[in-house]
1. How charged is the neighbourhood of Thr118? Take every other residue with its Cβ under 13 Å from the Cβ of Thr118, and add Lys/Arg as +1 and Asp/Glu as -1.
2. What's the tally of Lys pairs in the stretch 40-107 whose alpha-carbon atoms lie under 20 angstrom apart, where the two lysines are 8 or more places apart or on different chains?
3. Set the Förster distance to 41 Å, then compute FRET efficiency between Ser66 and Leu167 from the Cβ-Cβ distance, nearest 0.05.
4. Mind ranking Thr77, Thr136 by accessible surface for me, highest first, 1.4 Å probe?
5. Work out, step by step, the length gained on full extension between Thr136 and Leu160: first 0.36 nm times the residue separation, then minus their alpha carbon distance; give nm to one decimal.
6. In a shell of Cβ-Cβ distance under 14 Å around Ala177, excluding Ala177 itself, what net charge do Lys and Arg (+1) and Asp and Glu (-1) give?
7. Sum up the charges of everything whose Cβ sits under 12 Å from the Cβ of Ala109, counting Lys and Arg as +1 and Asp and Glu as -1, but leave Ala109 out.
8. Under a point spin-label approximation (7 Å from Cα along Cα-to-Cβ), what is the Asp79-Ile56 distance to one decimal in nm?
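The values are calculated or read from the model by the stated rules, or taken from the named source; none is laboratory data. Worth saying up front: this structure is predicted, and the values here are computed from it rather than measured. Note that we place each Cβ from the backbone using ideal geometry, even for glycine, and neighbour counts take in every protein chain shown. What goes into the accessible areas is simple: the full protein's heavy atoms, side chains included, and nothing from ligands, DNA or RNA. Shrake-Rupley method; radii C 1.70, N 1.55, O 1.52, S 1.80 Å.
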Amino acid sequence: MCAAHKTSTLAGVALAAAVLTGCAPDPAPAAQEAAPSPAAAVAWMNGFCGAVKDFIDGNNKMSSASGETLEAVKKSTSDQLGHYAAILAKTVDGLGALPAAPVPAGDAAKREFLAKYTSARDKTVKAKAGLDAAGTNDTAAQSRAVEGLLAAQKDTHGALDPVAAVLGAPELKTAAASAERCRP
């Protein structure tokens with residue numbers, strides 16, 4: 001073979017390779033996220049709604065502070081704060097124990113609710129500790145405790161409807177309709 005023929009053969013092979021590369025099929029499109037299974041979405045919504053429903057049920061059982069003396073009112077308020085702290089702690093634990101949501105909107109709702117309930121729990125625990133450490137006749141401590149309870153209740157007020165929190169996620173909205181713990 002002569003040198004000119006070898007060069008043209010190599011050039012032809014290179015040209016063919018370039019043409020074939022240009023005509024190769026496009027790489028497979030990126031795998032799309034699979035839709036969550038309906039059963040997984042219902043199970044997750046049951047847990048999410050259940051944690052909030054347990055809070056609402058516990059809150060409805062909370063007695064009002066009462067008493068004839070400052071000491072009795074202090075004890076009653078402390079008991080009320082203890083009850084509220086306990087149901088908030090249970091709610092925080094329930095939300096925290098949820099697995100990853102089947103869609104990102106669920107995780108966002110969980111983070112939002114968890115932040116509100118955690119803040120409320122912390123305020124309630126602080127209010128109870130302050131009241132319990134105060135003297136029997138310390139009316140200012142009683143006022144601070146009530147303010148702490150009201151602040152905690154304000155935190156939870158925006159986190160009472162778990163279904164509304166996921167309305168932007170059709171999979172979770174549909175799941176909520178089937179989830180037993182999401183029903184009133």
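1. On the way: positive: Lys90, Lys110, Arg111, Lys116, Arg121, Lys123, Lys126; negative: Asp93, Glu112, Asp122, Asp155.
Neighbour charge sum, excluding Thr118 itself: +3.
2. For the stretch 40-107, the number of qualifying lysine pairs is 5.
3. Numbers: r = 40 Å, r/R0 = 0.97.
So the FRET efficiency works out to roughly 0.55.
4. On the way: Thr77 5, Thr136 65 Å².
Sorted by accessible area, descending: Thr136, Thr77.
5. So the extension gain works out to 5.2 nm.
6. Working: positive: Lys173, Arg181, Arg183; negative: Glu171, Glu180.
Around Ala177, the charge tally is +1.
7. Working: positive: Lys110, Arg111, Lys116, Lys173; negative: Asp107, Glu112, Asp161.
Result for the neighbourhood of Ala109: +1.
8. For Asp79 paired with Ile56, the spin-label model returns 2.7 nm.
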